[in-house]
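Input: a single structure, listed below in structure tokens.
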Amino acid sequence: MHAYLELLKMKGVQQLLLSSIPARLAYGMITLGIFFKVQQATSSISLAGLAVGLNTLASSASVGIRSSFIDRYGLTWPLRALVPSYAALIIFFNYAETKFSLITIAFVLGAVAPPINLAVRPLWKVVVSENRERTIFAIDTAVMSATAVIGPVLVTSLALSDSPKIALNSCAAAMLLGGVALALLKVTRNWIPEKKEQGADHLLKMPAIRLLIAEGIFIGLAYGLFETGIPAFTTIEGVASRTGLIFAVMAIFNIFGSLLAGLISKKVSPLLAFRRTYLFWVIVCAPLAITNPDWTLLTISALLGLAGGMQMVFYWEIVEAVRPKGTASSAIGWLWTFEGTAMALGAALSGFISETFSPRYCLAAMSTCVLIGFLIIRQGHNLLSAADRLPTQAEDEGAINTALDKTN
């Protein structure tokens, strides 16, 4: 805990966290905001799931390209161009009423989604030393999870209120405030992309990245099925107001999981920790389909959040270890292209499956996808051997000195 408090006292850490919070809150609101807007306007869960799926598809299909531009040209212009466009489109979407306009704008919203997390992640290498990366990744993940607690609860309560349009209007305002604040930070404006290694293979030709892509496709399907399956489940059962609570409980325990991961001893390599927590994730996912939208689903959601929080921290470390230089943003970006595309497919299918059959089929499919992801990592973990080591003392000391030069 002392390590967390020390980092939170640093001016650079405070600025980066506080500026990114409103935009991340907007991302915590947008998925359910789209779902409830389309469902209320069309009275169709299938169309709501389709809108969420198309939004995710457009975002994931373009994120690889957007992240490549960041690695080549920097962060400033993508944020300044995309943040106002995104906020304006949310307003247009909020006041659209026809099926065609709702589906179309939801798709375009995904295509111009500002790269908030892609922008924040590489900046931590400037703000903190290398030996503190696991801790700051844990804090950063906890902050993302905290906005994911507030976002679903806020958007659900506002969308189901007497003035439902306030939900997406608040989402647009949060994105505009946070995105502009992040773009104006000195560390953002001064950030210089890493130089690529001469003669290095293309990112997508690397076996380690391909393994993570294969695993990510199934995890994307899992989250897509869950994100639309849960609001469909609660809506069909007549307890739509519990949607935000379920996601909030999951996000709260996601915070605990990420902080727990950050406190794990340096004696455990990222790869070993990732494999162990993955097994825990598989176990808690198993009974998901037999839950109800009551305390049983809340309990499983809490355990899923705990596992997911730990997984995310170790996953970032693995990607950092196996990616080539010059791909600080594009590595995550291209991984998300595949994972997010699968997530879009899962979300679209989930709405149809829920309305035609039962949301329980979606939850069962999620459990199966997580199991397949675990088996992929288990079989190919040797390809991730670069993440199966601990930093040396010399690397730690050198990183500390570099960080002090950059942050003082």
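Can you sort 162, 388, 140 so the residue with the fewest Cβ neighbours within 10 Å comes first?
So the ranking, lowest neighbour count to highest, is 162, 388, 140.
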For this session: Could I have the simple spin-label model distance between residue 81 and residue 9, label points 7 Å from Cα toward Cβ, reported in nm to one decimal?
Result: 4.2 nm
Exercise. Looking at 212, 243, 182, which one has the Cα that reaches farthest to the positive end of the dipole of the chain (charges on Cβ: Lys, Arg +1; Asp, Glu -1)?
Worked result: 182
Exercise. Which of the listed residues, 351, 382, 153, is farthest toward the dipole's positive end in the chain, when Lys, Arg count +1 and Asp, Glu count -1 at the beta-carbon?
Worked result: 382
For this session: With a cut-off of at most 12 other beta carbons within 10 Å, and DSSP calling the residue loop, which GluC sites (Glu not before Pro) in region 203-258 qualify? Please list them.
Result: none
Problem set entry | Listed residue (332, 281, 69) projecting farthest to the positive dipole end of the chain, Cβ model | 69
For this session: Pick out which of 184, 57, 16 has the largest mean-square fluctuation in a Gaussian network model of the chain, springs linking Cα atoms closer than 10 Å.
Result: 184
For this session: Would you kindly state how much longer the chain becomes between residue 236 and residue 163 on full extension, computed as 0.36 nm times their sequence separation minus their alpha carbon distance, in nm to one decimal?
Result: 24.1 nm
Seminar exercise, completed: Shape descriptor, the chain: equivalent ellipsoid semi-axes (Cα gyration tensor, sqrt 5λ, whole Å, largest first) stand at 33, 25, 20
Problem set entry | Peptides ranked, highest mean first, by Cβ atoms within 10 Å: ranges 76-83, 150-157 | 150-157, 76-83
Problem set entry | Distance (nanometres) between label positions extended 7 Å along Cα→Cβ at residue 95 and residue 389 | 5.8 nm
For this session: At 0.36 nm per residue, minus the direct Cα-Cα distance, what do residue 356 and residue 44 gain on full extension? Give it in nm, one decimal, please.
Result: 111.2 nm
Exercise. Once phi is turned into θ = phi - 60°, what whole-Hz ³J(HN,Hα) does the Karplus curve with 6.51, -1.76 and 1.60 give for every residue of region 301-311, x standing for Gly and Pro?
Worked result: 4, 4, 5, 4, x, 4, 5, x, x, 5, 4
For this session: Below 14 Å Cα-Cα, how many Lys pairs turn up in the chain? Only count pairs eight or more apart in sequence, or on different chains, if you could.
Result: 9
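Before anything else, pin down the relative contact order of the chain: Cα pairs under 8 Å, at least 6 apart, normalised by residue count, whole percent. Write out the running numbers ahead of the final one.
Numbers: 739 pairs, mean separation 120.3, N = 408.
Once normalised by length, the contact order is 29 percent.
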Exercise. What are the ³J(HN,Hα) values, in whole Hz, obtained from phi via the Karplus relation 6.51 cos²θ - 1.76 cosθ + 1.60 with θ = phi - 60°, for each residue of region 82-98 in sequence order, with x given for Gly and Pro?
Worked result: 7, 4, x, 4, 5, 4, 5, 5, 4, 5, 4, 4, 4, 9, 7, 10, 7
Exercise. Per-residue HN-Hα couplings for region 143-155, Karplus 6.51 cos²θ - 1.76 cosθ + 1.60 at θ = phi - 60°, whole Hz, x for Gly and Pro?
Worked result: 5, 4, 5, 5, 5, 6, 6, 6, x, x, 5, 5, 5
For this session: For region 1-152, would you read off the P(r) tail past 24 Å as a percentage of all alpha carbon pairs?
Result: 40 percent
Problem set entry | Inter-part distance where region 303-324 and region 52-126 are each reduced to a Cα centre, Å | 23 Å
Problem set entry | Gained length - residue 292 relative to residue 368, 0.36 nm times residue gap less alpha-carbon distance | 25.5 nm
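Can you tell me the order of 340-346, 32-38, 283-289, 357-363 when each peptide is scored by its average per-residue count of other Cβ atoms within 10 angstrom, highest first?
32-38, 340-346, 357-363, 283-289
Coordinate-derived values only; no laboratory data. Note that the structure is predicted; figures quoted are calculated from it, not measured. Positions of Cβ are generated from backbone atoms using ideal geometry, with glycine treated the same way; all protein chains shown enter the neighbour counts.
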